Amino acid sequence: MLKRFRQAQPTSEPELQSLTPKKLEFPTVRTGRALLSSTNKQELVSKIKRLFSVTKPVWNQHYLYAIDEFAELVQEVPASEIHHHSEAGGLIDHTLEALHAGVRISQGYILPPNAKPESIVESADRWRFPAFIAILGHDIGKIVTDIEVVYRKQKSSFERWHP
């Protein structure tokens, strides 16, 4: 269970264990759905959904599933240390905003290029899905390179987490 998020700085285990719960608050691991349950995140997800003309089952099985899995992987890590979205959960907020903006921009392009008009309408969302996935993963490396996450299972020592 993830218990504490820290910016990438080497920290010794004894130093971590000496910290008392009164000094620190430890976030717990949550599901992607729970992490996305706030009103502002739900509004962004809803805005993103409106940019696609897919059926509800397709949206749930592919698009929402990908967003949920992303949120569950990154948990409440910030998007940056001192820049935009530097608060807990900032990476999810930043990514949802990037998804909304990026998919809107992609609507300004005729996809697939040089296709017959009748095939453009029916296949545009299939062409936008790879852009959706690319935008979703554009900062995924931050949880590997920029941020150190440590966790502690109940009554156990702290361990470094690596996705």
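The values are calculated or read from the model by the stated rules, or taken from the named source; none is laboratory data. Please read all numbers here as calculations on a predicted model, not as lab measurements. Methodologically, a virtual Cβ is constructed for each residue, glycine included, from the backbone with ideal geometry; neighbour enumeration extends over all protein chains shown.
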Self-check item: Sole exception among (1) closer than 23 Å to Gly32 by Cβ; (2) touching a residue at least 12 places away in the same chain (Cβ under 8 Å) for His84, by number
Solution: (2)
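Can you tell which of Ile110, Ile140 is touching a residue at least 60 places away in the same chain (Cβ under 8 Å) and in a loop (DSSP other than H, G, I, E, B)?
Details: Ile110 fails: touching a residue at least 60 places away in the same chain (Cβ under 8 Å).
From the options Ile110, Ile140, the qualifying one is Ile140.
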Practice problem: Report yes if some residue within region 97-106 is in contact with a helix residue (DSSP H, G or I) (Cβ under 6 Å, 6 or more places away or on another chain), of a type in the set (S, T, N, Q), surrounded by 13 or more Cβ atoms within 10 Å (Cβ to Cβ) and modelled with pLDDT of 80 or more; otherwise report no. | Solution: yes
Exercise. Exactly one condition in (1) in contact with a Pro (Cβ under 7 Å, 6 or more places away or on another chain); (2) in a loop (DSSP other than H, G, I, E, B); (3) not acidic (Asp, Glu) is not met by Leu73; state its number.
Key: (2)
Exercise. Filter region 32-84 down to residues that are of a type in the set (Val, Ile, Thr), at pLDDT below 95 and touching a helix residue (DSSP H, G or I) at 6+ places or on another chain (Cβ under 6 Å) and give me whichever is surrounded by the most Cβ atoms within 10 Å (Cβ to Cβ).
Key: Val74
